[in-house]
Amino acid sequence: MSDPTLLVVDGLKATYVHAITALHDVGFTLAEGEIVALLGANGAGKTTVLKALSNLLSAARGQIRAGSIRFAGRDVTATRPADLVRAGLVPVLEGRHCFPSLTVEENLISGGLGRGSTRREIAADLDKVYAHFPQLAEKRRTASGLTSGGEQQMTAIGRALMSRPRLLVLDEPSMGLAPLVVQDIFATLQRLNREEGLSLLVAEQNAAVALRVAHRAIVLENGVTVLSGTAAELTARDDIKAFYLGHK
Ligand code: ATP
């Protein structure tokens, strides 16, 4: 039987330039088909974890100092970002990073080209993305820079889907978006998980929205994993309610 554990992060320590230690000791696992929420206050280290997983820390002048990352049974701690994407570990990082002057469709296609998809695969994958995000089909010929924040987030997720991920790693997908748009995006992520078995790691400051769709959650504090449990367990905890869910 194959190992159902898709991602294993163990003893991760990471620093930025001037020796700022952002992660002291981060460890967690994610099973194939799971949605895991990565929670924590501003500055707790969520973005740093996701950048470490995608091997994008060096662009922010950071580096992994200790620990390891295993994905699909293989040590990927030093694997190049493009190879990680080809292996199925695909990031959707904060800021969305759509090419503003390219159309929505061109942005989506860039995700397929990055993976080396054929024209036929790209056409099939575009249909799938438009089925999940019908709003994008309507805007396919519009420059991404002229679309709404929600549509740019959908485009960023759609572009990641074009590279046929096994694990999608999302940084604050709710950031700056209206509640209805956030609901819509999380409903689509949940459907991708249920219908296609896509695994998801979602870093969120908006714990309420993340815990509604996650199976499990991990809480980071000052670069250390301090808590983990099922979404139901964490939702029931008074300290989590008070701190992350904004009520007692
Ligand atoms: P946020 O929700 O604000 O993005 P976060 O939980 O994602 O917070 P990180 O962005 O990972 O937290 O930041 C963790 C720590 O690392 C913080 O103390 C932050 O100031 C520091 N940090 C982040 N990026 C850099 C950088 N490029 N150079 C130096 N320090 C950084």
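The values are calculated or read from the model by the stated rules, or taken from the named source; none is laboratory data. These numbers come from a predicted model, not from an experiment. All Cβ positions, glycine included, derive from the backbone under ideal geometry; neighbour counts span all protein chains shown.
Quick notes on this one:
- Once region 22-54 is narrowed to residues that are within 12 Å of the ligand (Cβ to nearest atom) and part of a strand (DSSP E or B), the residue that is surrounded by the fewest Cβ atoms within 10 Å (Cβ to Cβ) is His24.
- Identification of strands (runs of 3 or more DSSP E) wholly contained in region 148-248 with 1 or more residues that are closer than 17 Å to Cys98 by Cβ yields 167-171.
- Boolean, Ser68 is more than 15 Å from the ligand (Cβ to nearest atom), farther than 19 Å from Pro165 by Cβ, part of a strand (DSSP E or B) and among the small types (Gly, Ala, Ser): yes
- Qualifying residue in region 137-151 (condition: surrounded by fewer than 21 Cβ atoms within 10 Å (Cβ to Cβ) and closer than 24 Å to Ser199 by Cβ): yes
- Taking the numbered list (1) more than 10 Å from the ligand (Cβ to nearest atom); (2) in a helix (DSSP H, G or I) in turn, Val90 passes all entries but (2).
- For region 191-224, a tally of residues being out of contact with any strand residue (DSSP E or B) (no Cβ under 7 Å at 6 or more places or on another chain), under 17 Å from Pro165 (Cβ atoms) and either of a type outside the set (D, E, K, R) or touching a residue at least 12 places away in the same chain (Cβ under 8 Å) (or both) returns 3.
- Within region 177-184, the presence of a residue that is within 15 Å of the chain's Cα centre (by Cα) and touching a residue at least 40 places away in the same chain (Cβ under 8 Å) is excluded.
- Residue, farthest from the ligand (Cβ to nearest atom), within region 8-21, restricted to residues that are in contact (Cβ under 8 Å) with a residue 24 or more places away in the chain, in a strand (DSSP E or B) and among the β-branched types (Val, Ile, Thr): Val8
So that you can scan it fast, the table gives a plain yes or no per residue for (1) at pLDDT below 95; (2) out of contact with any Lys or Arg (no Cβ under 7 Å at 6 or more places or on another chain); (3) on the phi < 0 side of the Ramachandran plot:
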position	(1), (2), (3)
Gly176	yes, yes, no
Ile185	no, yes, yes
Leu189	no, yes, yes
Leu200	no, yes, yes
Ala214	no, yes, yes
Ala236	yes, yes, yes
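- Among residues of region 175-221, those that are more than 25 Å from Ala87 (Cβ to Cβ) and of a type in the set (S, T, N, Q), counted: 3
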